[in-house]
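This report concerns only the one structure given below.
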């Protein structure tokens with residue numbers, strides 16, 4: 001999970017070691033169509049994440065979209081599935097390789113020995129390499145960050161040194177709980193790799209229901225998958241869409257992200273289920289994200305043409321109007337915008353522009369030779 005490189009924390013398992021029935025579920029269940037259920041997370045938008053999940057229940061089996069940040073959270077999701085059906089899970093589709101979407105895969109593997117795991121082909125490289133490095137960083141650096149979180153809560157100030165708001169206090173408490181579970185799970189960490197690889201598209205048919213699994217282009221990662229039900233016009237987008245603040249992190253491709261979202265929009269879904277955030281019934285938020293990504297692309301390309309360094313680019317790219325649009329007056333969402341869009345997106349765009357320039361220079365040298 002790329003954002004673990006920014007923030008990592010851990011406490012004891014106390015917060016999640018309670019009996020499963022002693023607290024309300026961490027999600028709300030929304031029935032979207034016959035046999036189609038979205039589990040929408042209740043945690044506040046913050047610095048750590050747990051994804052929405054989806055059940056597509058057929059006559060003979062179940063397709064699950066994404067596991068969770070830990071085995072404990074994934075087991076809670078599986079327990080909910082058992083309330084709906086006793087049919088086996090046949091497929092687990094991981095929309096991308098970030099830890100919050102794949103760590104709980106082993107729960108489904110162990111519970112359903114015939115389950116197949118679907119992922120983009122790039123996962124085979126990204127998960128054991130970048131994913132493993134990110135995970136190592138989280139394990140090494142987490143305890144220092146939790147001390148910072150605790151001290152900030154005690155001092156009644158946020159991570160930027162401002163007076164803490166109720167929103168921030170709730171968000172930090174949620175972060176602690178999420179990381180509790182993630183780190184407590186660490187002795188059992190195991191990368192369950194995809195057994196079914198997707199390059200551009202894969203079609204499944206479960207008891208007459210058509211399920212399209214699509215790669216529309218690089219965006220949040222190099223291998224984001226979208227699951228689309230063409231009859232029901234429901235799109236499950238993974239982290240291509242994240243609400244209320246998009247995630248354009250260090251493993252993103254901001255120069256291509258906007259174009260990928262345009263292709264996503266052309267599906268003309270009636271219902272959009274994001275990787276994080278509420279179910280959406282129109283594409284207005286998607287269009288807002290496209291505006292943001294297009295602006296990042298245009299501004300960073302212009303900066304690079306002027307010969308600016310990364311630090312100069314950070315100063316010249318202005319995303320303030322988008323911060324206001326996505327974060328409003330919220331201190332906390334503004335902090336998230338800075339740390340999960342402004343800083344990493346500009347750096348990622350600069351990386352892409354540099355690679356593009358070097359490739360062109362190499363090609364030009366080859367032609368001259």
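Observations on the structure shown:
- Failed item, numbered, when residue 307 is tested on (1) outside any helix (DSSP H, G or I); (2) farther than 19 Å from residue 255 by Cβ: (2)
- Looking across the range 153-172, the residues that are under 17 Å from residue 338 (Cβ atoms) and surrounded by fewer than 13 Cβ atoms within 10 Å (Cβ to Cβ) come down to 161, 162.
- Condition check for residue 81: under 17 Å from residue 53 (Cα atoms), out of contact with any helix residue (DSSP H, G or I) (no Cβ under 7 Å at 6 or more places or on another chain) and modelled with pLDDT under 95: no
- Flag for residue 44 being in a loop (DSSP other than H, G, I, E, B) and surrounded by 19 or more Cβ atoms within 10 Å (Cβ to Cβ): no
- Residue list for the range 296-334, filter: buried (at least 17 other Cβ atoms within 10 Å of the Cβ) and free of Cβ contacts under 8 Å to residues at least 40 places away in the same chain: 299, 303, 308, 313, 317, 319, 322, 323, 334
- The single condition among (1) assigned to a loop (DSSP other than H, G, I, E, B); (2) surrounded by fewer than 19 Cβ atoms within 10 Å (Cβ to Cβ); (3) modelled with pLDDT of 95 or more that residue 51 does not satisfy is (2).
Residue-by-condition table, conditions (1) under 21 Å from residue 47 (Cα atoms); (2) touching a strand residue (DSSP E or B) at 6+ places or on another chain (Cβ under 6 Å); (3) not in a helix (DSSP H, G or I):
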| residue | (1), (2), (3) |
| --- | --- |
| 232 | no, yes, yes |
| 237 | yes, yes, yes |
| 293 | yes, no, no |
| 300 | no, no, no |
| 313 | no, no, no |
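- Scan of the range 153-196 for residues that are under 22 Å from residue 117 (Cβ atoms) and either part of a loop (DSSP other than H, G, I, E, B) or touching a strand residue (DSSP E or B) at 6+ places or on another chain (Cβ under 9 Å) (or both), ordered by number: 185, 189, 190, 191, 192, 193, 194, 195, 196
- Residue match in the range 76-99 (condition: out of contact with any strand residue (DSSP E or B) (no Cβ under 9 Å at 6 or more places or on another chain), touching a residue at least 40 places away in the same chain (Cβ under 8 Å) and surrounded by 21 or more Cβ atoms within 10 Å (Cβ to Cβ)): yes
The values are calculated or read from the model by the stated rules, or taken from the named source; none is laboratory data. If you're wondering where the values come from, they're calculated on a predicted model, not measured in any experiment. Quick reminder, even Gly has a Cβ in these numbers, built from the backbone with ideal geometry, and neighbours come from all protein chains shown.
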